[in-house]
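Notes follow once the structure below has been shown.
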Amino acid sequence: MSKFPVEMIRHSAAHVMAAAVQNLYENVRFDIGPATEDGFYYDFDMPVRLTAEDLEKIEAEMKKIINARTPFEMFELTRGEAEKMLRERNQTYKLERLADIPEGEKISFYRTGEFVDLCRGPHVDNAGRIGAFKLMSVAGSYFKGDEKNPMLQRIYGTAFAEKSELADYLRLLEEAKKRDHRRLGTELDLFSFSENVGPGLVLWHPKGAFIRNAFETYWKEQHYLNGYEMLYTPHIGRCELWQTSGHLDFYKESMYSPMDIDDHDYYVKPMNCPFHIEIYKSRNRSYRELPCRWAELGTVYRYEKSGTLHGLLRARGFTQDDSHIICTPEQVENEIAEVLRFSLSIWKTFGFTRIQPYLSTRPSKAVGTPERWAKATESLEKAVRKAGLDCIVDNGGGAFYGPKIDLKVRDAIGREWQTTTIQFDFNLPERFHMTYTGEDGKQHQPYMVHRALFGSIERFFGILIEHYAGAFPLWLAPEQGRILPITDAQIPAARELAAKMQTAGLRVTVDERSQSLGGKIKDARNERLQYMLVIGEREAAEGKVGVRSRREGELGAMDPAVLIEKMQKEVIEKVC
RNA sequence: GCCAAUGUAGCUCAGUCGGUAGAGCAAUUCACUCGUAAUGAAUAGGUCAUCGGUUCGAUUCCGAUCAUUGGCUCCA
């Protein structure tokens, strides 16, 4: 195995790519080319618009550089020398990058063949260390990530020390493509979008709606069991509400335009919080009734930029599984710990067990006293420790209104999804003058915590589809089993079995089509059925059923009562 | 919103160097009655995303719009 870490190999591959681009094209200005989590990229400003064919040419040129084992050579220059060289080469972006290097730091360059790059390093000793690479795509990207800056052309690629690692990575991409929720959503008839309805607005088909209803029901049950109460609030509210909340000042560009009703502007809600606060404020509150744990499946609409929409994962209309916990300072630590414990247990039910919390702390511009921030942040940290987890800290990464914990969950093929968020809010209680009467008879401002467990129902459904690759566990499956009579002669027996299973609460159908068993199996498999129940002459005569399970394979002839018990158990235990 | 690409039947795609289109799967009908990933035949299905321009003629060329895809930015 190579002694070079994969990040170094990728960073070096980015240089090799830049060298290839320099060899092949005129008037190229270079920005930067770092390693990323699963590859590398390099940003270029060049007159030629790069296409897929260009990528092939560049790959071929890179292979030459790699096969020649072209060395990476480091040298240092003074700032003046560096400026002079970059200016001679008309490398304006590099000059800006050079200016960003603090005084006193070493200014190093790396040479790879003809290509010389301002770079901190380190690099592999020669390009031959790049055992396997592939260029993936061309995309636009703003210089320094700022949309006011010019847009550069970015080439993405990936690289590994070994060819087998690249093959594994490409297989993972293949697998991810097969699981793509947009593709499965169409294939399994779960949901769709319509141009007539509008971008980012989801239409839930019967099967998708069934699954949604199943997990929403579970969500509600669990919330009641864990001391939450449910709310319902309207979809629109007057502009005064959004003025008070501050959304019209800070969030207006993400809100749908108002509608004028009886000379009042009404906005479609982008968030549920102000409504929950109005419920809190509908009468005086005493410390005795805190904490309030209020939850709602609240549908909101946000005008997301058109380029950011992505199937169910980023929609314009979506339902938050929203909750607000309003409590006293004494209660807050316990409440946070409970929210986290509750979240982890729900994720486990769906088969997500690898979970990474991220803690975001106070940014430079923030509302709320430092004492409140400190207490809130501490209670978040403690909750994570209590759950036996370690959090990754994003210092200064919190919203201006409070610190937060986000959970990233890993799915069946190891991808991370950002889902649960637990956020303190020091802004809204202040703006809405929320109070409670304390033990001392005086008015106090409560703590308020926003919490979305799945984030959004739509997004969660998209993640679930990809996590299960469309094969939903029995408790969520719209159709739990399909009975396949081999010939028409077994249709009565099949119907009888179906009736028996339906009476037992199982969702089964009979495939009565005039089709071979192989054909029926194929279709049932493509529809990701968990149970295929074959009834031929033999089974009909013996009063049994041939069971084929998606997870366990062929189980042979079973007594219907045994099968029903097995399936019921699987439903109750929510086996994934 | 920005950069780039794409848009042909329900789905996956082919095709027309300008003369109004085709396959597989799915659907429907008929026949077949079959033992664990495709039984056969027939039928039907399209304003070639939309609008405009060039042209005798546009699905094809040009422009705009809409939508989608890969990124960037954004996600108070």
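The values are calculated or read from the model by the stated rules, or taken from the named source; none is laboratory data. Please read all numbers here as calculations on a predicted model, not as lab measurements. Cβ coordinates were reconstructed from backbone atoms using ideal geometry, including for glycine residues, and neighbour counts include every protein chain displayed. Surface accessibility is based on the protein's heavy atoms, side chains included, excluding ligands, DNA and RNA. Shrake-Rupley method; radii C 1.70, N 1.55, O 1.52, S 1.80 Å.
Observations on the structure shown:
- With respect to the conditions (1) crowded, with 17+ Cβ neighbours inside 10 Å; (2) over 26 Å from A:Pro473 (Cα atoms); (3) under 27 Å from the mean Cα position of the chain (by Cα), A:Glu333 falls short on a single one, namely (3).
- Residue check for A:Glu304: surrounded by fewer than 21 Cβ atoms within 10 Å (Cβ to Cβ), within 12 Å of RNA strand B (Cβ to nearest atom) and over 19 Å from A:Arg451 (Cα atoms): yes
- In the set (1) in a helix (DSSP H, G or I); (2) crowded, with 19+ Cβ neighbours inside 10 Å; (3) within 11 Å of RNA strand B (Cβ to nearest atom), the condition left unmet by A:Met532 is number (1).
- Taking the conditions (1) touching a Cys at 6+ places or on another chain (Cβ under 9 Å); (2) more than 10 Å from A:Tyr358 (Cα to Cα); (3) open to solvent by less than 30 Å² (accessible area, probe 1.4 Å) in turn, A:Phe426 satisfies each one other than (1).
- Subset of the stretch A:496-522 that is near RNA strand B (Cβ under 7 Å from one of its atoms) and touching a residue at least 12 places away in the same chain (Cβ under 8 Å) - its residue that is most open to solvent (accessible area, probe 1.4 Å): A:Ser514
- Candidates A:Pro274, A:Pro291 - the one that is open to solvent by 20 Å² or more (accessible area, probe 1.4 Å) and either at pLDDT 95 or above or more than 26 Å from A:Arg238 (Cβ to Cβ) (or both): A:Pro291
- Selection count where residues are out of contact with any Phe, Trp or Tyr (no Cβ under 8 Å at 6 or more places or on another chain), under 27 Å from A:Glu187 (Cβ atoms) and open to solvent by 30 Å² or more (accessible area, probe 1.4 Å), scope the stretch A:469-490: 2
- Members of the stretch A:404-436 found to be part of a loop (DSSP other than H, G, I, E, B), among the acidic types (Asp, Glu) and out of contact with any strand residue (DSSP E or B) (no Cβ under 6 Å at 6 or more places or on another chain), listed by number: A:Asp411
- Flag if A:Glu174 is touching a Gly at 6+ places or on another chain (Cβ under 9 Å), in a helix (DSSP H, G or I) and more than 10 Å from RNA strand B (Cβ to nearest atom): no
- Among the residues making up the stretch A:250-265, those that are out of contact with any helix residue (DSSP H, G or I) (no Cβ under 8 Å at 6 or more places or on another chain) and loosely packed, with under 14 Cβ neighbours inside 10 Å are A:Phe250, A:Glu253, A:Ser257, A:Met259, A:Asp260, A:Ile261, A:Asp262, A:Asp263.
- Failed condition for A:Ala493, given (1) without any contact (Cβ under 8 Å) to a residue 12 or more places away in the chain; (2) over 16 Å from A:Leu188 (Cβ atoms): (1)
- Any hit, the stretch A:159-166, residues being surrounded by fewer than 12 Cβ atoms within 10 Å (Cβ to Cβ), more than 7 Å from RNA strand B (Cβ to nearest atom), under 24 Å from A:His11 (Cα atoms) and small (Gly, Ala, Ser): yes
- Inclusion of A:Val16 among residues that are free of Cβ contacts under 8 Å to residues at least 40 places away in the same chain and under 16 Å from A:Gly113 (Cβ atoms) is not warranted.
- Residues that are more than 36 Å from the chain's Cα centre (by Cα), more than 9 Å from RNA strand B (Cβ to nearest atom) and outside any helix (DSSP H, G or I), drawn from the stretch A:546-564: A:Leu555, A:Met558, A:Asp559
- Test: residue in the stretch A:90-110 that is within 16 Å of RNA strand B (Cβ to nearest atom) and under 19 Å from A:Leu166 (Cα atoms): no
- Selected residue [within 16 Å of RNA strand B (Cβ to nearest atom) and either of a type in the set (Val, Ile, Thr) or not in a strand (DSSP E or B) (or both)] from A:Ser323, A:Ser257, A:Ser282: A:Ser257
- Flag set for A:Phe215, criterion: surrounded by 14 or more Cβ atoms within 10 Å (Cβ to Cβ) and more than 10 Å from RNA strand B (Cβ to nearest atom).
- Candidates are the residues of the stretch A:393-410 that are surrounded by fewer than 21 Cβ atoms within 10 Å (Cβ to Cβ) and within 10 Å of the chain's Cα centre (by Cα); the one that is farthest from RNA strand B (Cβ to nearest atom) is A:Arg410.
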